[in-house]
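Heads up: the structure comes next, in structure tokens.
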Amino acid sequence: MPDRHPLFPRSSGVLLHPTSLPGPDGIGDLGAAAFRYVDWLQQCGQSLWQILPLGPTSYGDSPYQTLSAFAGNPLLINLETLVDEGLLGAADLDARPEFPAERVDFGPVITWKFSCLDAAWQRFQIPALGVQREACDSWCAEQGAWLNDFALFMALKDDHQGQPWTEWEAELVSREPAALQAAADRLSDAIGRHKFRQWLFARQWEKLRTYANDHGVRLMGDLPIFVAHDSCDVWAQADLFLLDDGGRPTCVAGVPPDYFSETGQLWGNPLYDWDRLRETNYQWWAERLAASLALVDLVRIDHFRGFESYWEVPAGETTAINGKWVKGPGREFFHAMAKALGGELPIVAEDLGVITPEVEALRDDVGLPGMKVLQFAWSGPDNAFLPHEHPRHAVVYSGTHDNDPTLGWWKHLADPATRSLVAEYVGHEVHEPNWVLMRLGMMSPAHTFIAPMQDVLGLGREGRMNLPGEGSGNWNWRLTEAAFDDPAGERLARLTWLYRRRADQTEAAIVEPEPTWQISTGKDNS
């Protein structure tokens, strides 16, 4: 076997956001199902669990538009654990509504879980829990650099019925010290409640991460390059973004018109003032990356190309047509990150879309693996996403959270020419396109392969996690408990062994799972 990359040994894993786990409270969380999922990954020979961003979501429920780049999503807090710890009584869960098992109905889930977390906060005040309060206070003091602003931001947002921060009183928008202090005094209980939720999330996440690492599973997180305008980050660090005097963006992020959209994509995120960030040696970004890597072992940075050049659209535009490319911070930024974090960067570059030679040079010069998505590979034999073109230093996916699951792609999107080329490439008629792409990914020379859980389970369009451009109906897919016993897990384990991606697979010790399935079922899923 070739020498292993120190950060990226030959391995494979599965993409599944924790909200998609099964459980009784309407949304996946950090409880028993998360630990069972780690066990399942280990049993299947997987050594990576990729997730989406973990921050607290807002309107639209997107993990890519969060209220903070540092905070955790309190909806992931497991309630049974709070009962075990005496922070809730068993009777507190008796009023649990009947939630759908295969999707997240965010509105009722938010109402239910926040009511339980409020009850836990009230119980947290009793004298008998003094030791836990000391632990919480100690953690809050350690995290104060971001937590104090976040808790005040959330308390003020609650106090203003969820309005964006630019709609608050002028003295709060401009963060006048006297106004902030008055608000902190008036909203002290709400501030404490939001800090308490973050402490609960951090404790439960750390327990899960330790369990995963102890069982040979590393966690890969996801970091959007841009942050939401209505976030604590922009409110508390307004000088780092291109804003007017009222806190509104003067220009916003997006991507230009392309094959997929005649008007481009207008994301609306505020753009960074890179000149100002450079003056600070990119300190906020270094803190952001450090906070992410305190939660996960590796991190994928979404829209990596924005570090080389980003599409700047004037505020007020209704499409992304009238934008322009502006140079990003480039190599200097990543050199500063490596110095701040003390070594090689455990980062994967999301380099999909229209990628220029300059973007590729930046990725390669700073030593980051890029992404290869097999659903995008079928334009001809010179397509860089085909396995024979893959470099070793890359992460291969059958599909991503933004794509249809492979079976849905095959049924609804893949044209006859694509289907014919896939069959010609693999040398046989395609009956199970999801397993065909997963096999191609497993056999790739690239060091890492990731499959969405939907592809492992053979789900179609009903399993889609996100349809870009749709403002509602996304992020709500969930699996059921039965998935952990699906024979697909044994099949995944066999492929992982066959293409030498198991963590325990060395020349001296090869663990060979028994093949309990047939290569072709004869069933045509086309």
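The values are calculated or read from the model by the stated rules, or taken from the named source; none is laboratory data. Note that the structure is predicted; figures quoted are calculated from it, not measured. Here Cβ is always computed from backbone atoms with ideal geometry, including for glycine, and neighbour counts include all displayed protein chains.
Structure above, values below:
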{"quantity": "Selection status of residue 50, in contact with a strand residue (DSSP E or B) (Cβ under 8 Å, 6 or more places away or on another chain), crowded, with 22+ Cβ neighbours inside 10 Å and under 22 Å from residue 493 (Cβ atoms)", "calculated": "yes"}
{"quantity": "Scan of the stretch 98-116 for residues that are of a type outside the set (Phe, Trp, Tyr) and in a loop (DSSP other than H, G, I, E, B), ordered by number", "calculated": "98, 100, 101, 102, 104, 105"}
{"quantity": "Selected residue [within 28 Å of residue 309 (Cα to Cα), over 23 Å from the mean Cα position of the chain (by Cα) and surrounded by 22 or more Cβ atoms within 10 Å (Cβ to Cβ)] from 349, 377, 384", "calculated": "377"}
{"quantity": "Matching residues, the stretch 4-34, being in contact with a helix residue (DSSP H, G or I) (Cβ under 6 Å, 6 or more places away or on another chain) and in a helix (DSSP H, G or I)", "calculated": "18, 34"}
{"quantity": "Options 129, 147, 76: the member that is of a type in the set (A, V, I, L, M, F, W, C), surrounded by 15 or more Cβ atoms within 10 Å (Cβ to Cβ), farther than 30 Å from residue 479 by Cβ and touching a Gly at 6+ places or on another chain (Cβ under 8 Å)", "calculated": "129"}
{"quantity": "Matching helices (runs of 4 or more DSSP H) fully within the stretch 150-242 where at least 3 residues are under 30 Å from residue 38 (Cα atoms) and in contact (Cβ under 8 Å) with a residue 60 or more places away in the chain", "calculated": "188-214"}
{"quantity": "The stretch 135-162, residues that are over 16 Å from residue 56 (Cα atoms) and of a type in the set (S, T, N, Q)", "calculated": "138, 143, 161"}
{"quantity": "Selection from the stretch 59-88 of residues that are under 15 Å from the mean Cα position of the chain (by Cα) and hydroxyl-bearing (Ser, Thr, Tyr)", "calculated": "62, 64, 66, 68"}
{"quantity": "Single residue of the stretch 353-373 satisfying the filter (within 19 Å of the chain's Cα centre (by Cα) and of a type outside the set (D, E, K, R)) that is farthest from residue 298 (Cα to Cα)", "calculated": "353"}
{"quantity": "Total residues in the stretch 60-95, condition in a loop (DSSP other than H, G, I, E, B) and free of Cβ contacts under 8 Å to residues at least 40 places away in the same chain", "calculated": "4"}
{"quantity": "Failed item in (1) closer than 24 Å to residue 166 by Cβ; (2) more than 19 Å from the chain's Cα centre (by Cα), with residue 269 passing the rest", "calculated": "(2)"}
{"quantity": "Scope the stretch 409-442; condition surrounded by fewer than 16 Cβ atoms within 10 Å (Cβ to Cβ) and touching a helix residue (DSSP H, G or I) at 6+ places or on another chain (Cβ under 7 Å); matching residues", "calculated": "412, 426, 429"}
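Here's the yes/no breakdown for (1) of a type outside the set (A, V, I, L, M, F, W, C); (2) in a helix (DSSP H, G or I); (3) modelled with pLDDT under 95; (4) touching a Pro at 6+ places or on another chain (Cβ under 7 Å):
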site	(1), (2), (3), (4)
358	yes, yes, no, no
367	yes, no, no, no
378	no, no, no, no
383	yes, no, no, no
391	yes, no, no, no
